[in-house]
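Colleague: Got a structure for you, questions after.
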Amino acid sequence: MSTTTLARVQTRFPSAVAAAVGLAAGFGVAQGTGVRALGGIVFAAGGLAAGWLWYRRRGAAVAAGLAVAYVAAFVLAHVLALGVGWPAWLAVGLVTVSVAALSWAVADRPASTL
């Protein structure tokens with residue numbers, strides 16, 4: 001793969017997908033294996049991938065803000081599931097969709113042509 005092809009792939013891959021996979025797959029791996037640390041590794045990998053894309057597209061300030069939202073969503077899923085009593089997949093699904101939508105709106109959406 002040439003450098004220009006790699007650059008195009010990196011800039012076209014939606015950061016919303018990386019963030020969503022980090023949250024949902026991290027939960028799924030933790031639940032499926034029973035090893036929370038393994039789910040944490042998946043969560044961290046998704047966050048790092050999304051963070052790198054956020055930084056490249058919108059800069060450090062936006063990347064930091066979206067990273068805070070990503071971690072806050074992780075915490076909120078726990079609060080909704082453990083504190084409020086929602087089913088775990090419902091809580092994870094809600095925060096995953098929210099973070100993916102925020103990521104798309106802030107970092108992935110094409111620039112307006114108006």
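The values are calculated or read from the model by the stated rules, or taken from the named source; none is laboratory data. Bear in mind that the values here come from a model prediction, so they are computed numbers and not experimental data. Cβ placement follows ideal geometry from the backbone for every residue including glycine, while neighbour counts extend to all protein chains displayed. Accessible surface is based on the protein model in full, side chains and every heavy atom, while ligands, DNA and RNA are left aside. Shrake-Rupley method; radii C 1.70, N 1.55, O 1.52, S 1.80 Å.
Matching residues to (1) open to solvent by 50 Å² or more (accessible area, probe 1.4 Å); (2) in contact with a helix residue (DSSP H, G or I) (Cβ under 7 Å, 6 or more places away or on another chain):
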residue: Val17; (1), (2): yes, no
residue: Val21; (1), (2): yes, yes
residue: Gly28; (1), (2): no, no
residue: Gly34; (1), (2): yes, no
residue: Leu38; (1), (2): yes, yes
residue: Phe43; (1), (2): no, yes
residue: Leu48; (1), (2): yes, no
residue: Gly51; (1), (2): no, yes
residue: Trp54; (1), (2): no, yes
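Colleague: Here's another thing I want to ask about it. Sort out which residues of the range 87-98 are within 10 Å of the chain's Cα centre (by Cα) and open to solvent by less than 60 Å² (accessible area, probe 1.4 Å), and write them in order of number.
Modeller: Val95, Thr96
Colleague: Looking at the range 99-110 only, could you name the residues that are in a helix (DSSP H, G or I) and surrounded by fewer than 16 Cβ atoms within 10 Å (Cβ to Cβ)?
Modeller: Ala101, Ala105
Colleague: Six or more apart or on different chains, Cβ atoms under 7 Å: show the pairs whose first residue is in the range 13-38 and among the β-branched types (Val, Ile, Thr) and whose second is at pLDDT 95 or above.
Modeller: The qualifying pairs are Val21/Gly46; Val29/Leu38; Val29/Gly39; Val29/Val42.
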